[in-house]
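So the structure is just underneath, and the comments pick up after that.
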Amino acid sequence: FTEIKSYGNEDDLQKTHTLFEDSNHNIWIGTQVNGLFRLQTDNDTKILHSSEMGYPKVDASCFIERGDGDIYVGSDGSGAFLVSPEGRMKQNLQQQFSVMGASLLSFCKGEKDNLLVSSWFGGIGEISADGKVTPIKYEGLNNTTNSSKCVRLMQNGELWVATQGD
């Protein structure tokens, strides 16, 4: 085990929400109240905090890397953001992801170059390679609240969704 401590307040990493490793083997840490951190694995003493990246001090609930190396960061309450692999805030994607609501809970790889996203009260959606977000309709669920905690594309091509109420 490795204990990661931030250079700031001891409580900064107390409410870790999610972890992610990018293709450069950097570790991204999403917190519930203090934004995100990036630990450079080639220099374990260098931790970047949201304030150095331009990322707002909001929840970071999920990550996924795009084909170009940029990283989508989902927030449970503030929509989506795009950051560079070097840790620079590139874009607030709140409007682009608005069809999913403001609370994004998970990302995963979809078919071809597409990605999938799940959201609290926004269901699930597909993100095309050009960044367009399209909701996917639920079919065959008896008591859906359209609230999806997690979405995964299985190896056999089936799409599995963890929903509230079903």
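Is it the case, given these coordinates, that SER118 is surrounded by 14 or more Cβ atoms within 10 Å (Cβ to Cβ), within 25 Å of GLY30 (Cα to Cα) and of a type in the set (Ser, Thr, Tyr)? It is true that SER118 is surrounded by 14 or more Cβ atoms within 10 Å (Cβ to Cβ), within 25 Å of GLY30 (Cα to Cα) and of a type in the set (Ser, Thr, Tyr). Looking at the stretch 78-99, is at least one residue in contact with an Asp or Glu (Cβ under 7 Å, 6 or more places away or on another chain), at pLDDT 90 or above, under 18 Å from GLN32 (Cα atoms) and outside any strand (DSSP E or B)? Yes. Which residue is surrounded by the fewest Cβ atoms within 10 Å (Cβ to Cβ), if the candidates are limited to the stretch 65-101 and must be of a type in the set (Ser, Thr, Tyr) and more than 20 Å from ASN114 (Cβ to Cβ)? The extreme case among them is SER84. In the stretch 25-64, which residue that is of a type in the set (Ser, Thr, Tyr) and crowded, with 18+ Cβ neighbours inside 10 Å is farthest from LEU104 (Cα to Cα)? Filtering first and then ranking leaves SER50.
Residues in the stretch 121-163 that are hydrophobic (A, V, I, L, M, F, W, C), under 23 Å from THR18 (Cβ atoms) and open to solvent by 20 Å² or more (accessible area, probe 1.4 Å): 9 in all.
The values are calculated or read from the model by the stated rules, or taken from the named source; none is laboratory data. Every value quoted in this text rests on a predicted model; they were computed, and no experiment measured them. Counting neighbours? That spans all protein chains shown, and the Cβs are built from the backbone with ideal geometry, glycine included. Heavy atoms of the whole protein, side chains included, go into the accessibility calculation; ligands, DNA and RNA do not. Shrake-Rupley method; radii C 1.70, N 1.55, O 1.52, S 1.80 Å.
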